[in-house]
Structure formats: structure tokens, C-alpha cells
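Notes follow the structure.
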Amino acid sequence: MLNDKPTDPAANLAVGKFCCFAKGDWVTGIPMLALGNDNELKQLAAQELVPPEDVLALGDGWWSIADQQEEVAAQRVRLHAVHWYKKAVPALSGLSKAKIEKRISDATESDFLVASREVTAYKAFEPSHVPPTSDR
């Protein structure tokens, strides 16, 4: 579908989510999410395509998305939020800094091992495992 219509919003959303949430390939997936039809993901992805002004808000946005996902996808999204949180920490202080440092610690301790190994449950989403349909 993307070969025929590279700007198709639904296809970009599906492939972008697969790249980011299942494979952890944010470099490939972010531009696709920015073309997708999920407004929240589209906005966060668009912020990443230019130097973000508020890295803390970007990290919070991805953390919020993680809360809406299933286990492995949530873990990958949290680790992506940590990427932005680490950039925000030097400018933080007090309770804000403690909150973000705790999130970083929690995410890297509990999520890293699961999110960085191969997850066979997502094989069903790979194009080679999609069953043929009658209109192909």
C-alpha cells in the first residue's frame, strides 16, 4: 500500500507503529507516524522531526502513549520517552527532577531487558506473515 500511496495516512500509521512499537526502529517509524492519521502520535512525531523546544513535554507525551499500549509496545515507548527525559534532566530540579529520574530508573530497570530481546509475538504483524486476502 505504501508503495502505491506513500502518503496514505492509515498505512503510514500502521507501518510507523510497527516500526516504533514492535521493532523499536524509531528512525524509520517517526516520519511515518508524522504522516499517520492518529493526531496524538502525529503531533509527537512531528515534534521529533524538528529540534524539539520542550524535551520534557515530548518525553511526557511518549510516556502517556506508553500507558495506552500493551506490554511490549508500552516498554518500547517508555524507553523512547527515557531518551527525551535524559535530555531534560539537566534543566530540572526538585520534585520534577526526582519524578523524571524515577521514571528513567523504573523504565530502564524493568523494560530494557524485555524490550531489547526478540519478541516472537510480533511476528504476526510482519508482512511475510500476513495471510493472503482474496483481493490480492
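Nothing in this text is a laboratory measurement; each read-out follows from the coordinates by a stated rule. Note that the structure is predicted; figures quoted are calculated from it, not measured. As a convention, Cβ positions derive from the backbone with ideal geometry for all residues, glycine included, and neighbour counts pool all protein chains shown.
Observations, loosely collected:
- The alpha carbons of region 11-59 occupy a box of 28, 20, 14 Å along the principal axes, longest dimension given first.
- Which of Ile100, Leu41, Ala74, positive extreme of dipole for region 3-117 (C-beta unit charges): Ile100
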